[in-house]
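Report on one structure; see the data block that follows.
The values are calculated or read from the model by the stated rules, or taken from the named source; none is laboratory data. What you are looking at is a predicted structure, and each value in this text was computed from that prediction instead of being measured. When we count neighbours, we look across all protein chains shown, and the Cβ atoms used for this are built from the backbone with ideal geometry, even at glycine.
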């Protein structure tokens with residue numbers, strides 16, 4: 001059985017280490033915060049200017065001045081600090097954040113990432129993604145293995161405009177866990193009951209087998 | 001010099017010129033100078049270049065200036081919340097210069113700090129790097145990005161005083177301190193102008209030297225994504 005959204009997030013949470021400062025992207029990556037291992041001291045950074053992001057608020061706690069980078073209302077914790085955007089990206093660009101978990105449209109086998117634009121169609125912008133992949137110590141991508149038409153998203157070379165080159169350290173899809181290398185994608189783990197032939201069928205990138 | 005003005009319209013008096021550049025604070029709809037944006041719309045000034053992380057939503061924030069086609073060009077990192085923006089852009093009516101969010105923040109910070117350019121690894125190998133100087137430091141490639149100063153900056157703070165000292169509340173700080181420093185003239189709108197000496201002097205985020213005019217305003221503080229958890 002391929003992993004569903006929540007199982008993807010749960011698997012991605014295994015990438016956390018005690019004491020990490022972590023930036024989670026918008027979408028499925030946000031769900032990772034539901035699966036932080038018991039006893040781990042994890043501080044979530046939100047690039048709009050906050051360290052120590054808390055859970056979503058109760059109805060009576062909603063504060064328009066307190067949102068995350070996805071513009072969702074959130075809460076603060078006792079450890080929380082607030083700062084300006086340039087300060088926020090100083091900690092990102094300066095390599096102070098241990099891990100970022102992001103979504104992707106395409107990833108290449110040597111770790112190029114495309115997740116911000118489809119020319120002529122989707123013009124939203126890169127937000128903080130280019131800064132994150134350039135500056136954060138480790139980049140993990142979580143994504144569906146194929147697009148809505150069933151076409152591969154793990155490619156030899158990305159076709160969409162890039163967010164960064166050679167920046168992805170690990171890819172977690174609904175089918176398994178893969179590490180980009182110069183020769184192809186190394187299979188780290190497969191989701192339960194997913195076999196390698198299915199992965200090969202649904203991947204354009206070279207799949208390396210140990 | 002008196003910095004306090006009675007409202008947004010009077011604070012903008014004599015400053016607006018067609019074709020000018022404006023830096024606007026805010027992240028999404030959080031911490032945006034609502035009153036000043038509305039007054040700029042009412043002024044009818046045209047052909048603006050606006051540096052702001054986002055472009056508001058269709059009927060609020062900087063979206064108001066798009067509705068009236070007063071904006072020629074946006075310098076932003078993310079405009080996905082605004083359908084009108086997308087339409088105008090795809091129709092060729094609006095220019096967009098996408099800047100990575102951290103690069104935009106640093107361009108404004110650098111501009112305000114008198115730094116004309118800086119090198120960053122952000123965007124290397126992407127279309128953002130095209131046409132920019134590349135330079136290697138310690139074996140790693142960086143691109144040159146320019147500091148950004150604007151003719152005018154409009155910012156939103158929580159509390160301010162007659163000297164223009166500002167404090168921000170929670171994540172509504174975001175780009176406001178950088179914009180305040182980057183503007184050749186900066187107007188701040190605050191929720192409350194407090195008596196001089198009552199702000200905690202060790203907790204002032206934007207010292208008054210960066211602020212030439214200040215107004216008190218009413219703020220709707222619209223929420224884009226109201227997310228809650230169950231009790």
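Have a look at B:128, B:154 and point out the one that is in contact with a helix residue (DSSP H, G or I) (Cβ under 8 Å, 6 or more places away or on another chain) and either at the interface with another protein chain (Cβ under 10 Å from one of its Cβ atoms) or over 29 Å from residue B:209 (Cα atoms) (or both).
Matching residue, one of B:128, B:154: B:128.
Got a sec? Which of A:120, A:125, A:111 is modelled with pLDDT under 95, outside any strand (DSSP E or B), crowded, with 19+ Cβ neighbours inside 10 Å and within 14 Å of chain B (Cβ to nearest Cβ)?
Checking each option against the conditions leaves just A:125.
Determine which single condition residue B:220 fails, assuming it passes every other condition in (1) assigned to a loop (DSSP other than H, G, I, E, B); (2) at the interface with chain A (Cβ under 7 Å from one of its Cβ atoms); (3) in contact (Cβ under 8 Å) with a residue 24 or more places away in the chain.
Failing condition for residue B:220: (2).
Applying the selection to the range B:189-215, what residues are in contact (Cβ under 8 Å) with a residue 40 or more places away in the chain and away from chain A (no Cβ under 14 Å)?
Listed by number, the residues that qualify are B:189, B:193, B:199, B:208, B:209, B:211, B:212, B:213, B:214, B:215.
Residues that are away from chain A (no Cβ under 12 Å), free of Cβ contacts under 8 Å to residues at least 24 places away in the same chain and in contact with a strand residue (DSSP E or B) (Cβ under 9 Å, 6 or more places away or on another chain): does the range B:164-179 have at least one?
Residues of the range B:164-179 that are away from chain A (no Cβ under 12 Å), as a first pass: B:164-165.
Still in the list and also free of Cβ contacts under 8 Å to residues at least 24 places away in the same chain: none.
No, the range B:164-179 has no match at all.
Where in the range A:49-105 are there strands (runs of 3 or more DSSP E), lying wholly inside it, with at least 1 residues that are at the interface with chain B (Cβ under 10 Å from one of its Cβ atoms), touching a helix residue (DSSP H, G or I) at 6+ places or on another chain (Cβ under 9 Å) and at pLDDT 95 or above?
A:50-53, A:76-82
When the residues of the range B:65-84 are narrowed to those that are crowded, with 21+ Cβ neighbours inside 10 Å and touching a helix residue (DSSP H, G or I) at 6+ places or on another chain (Cβ under 6 Å), which ends up farthest from residue B:127 (Cα to Cα)?
Once the filter is applied, the top-ranked residue is B:65.
Considering only residues of the range B:85-125 that are surrounded by fewer than 22 Cβ atoms within 10 Å (Cβ to Cβ) and under 14 Å from residue B:53 (Cα atoms), which is farthest from the other protein chains (Cβ to nearest Cβ)?
B:97
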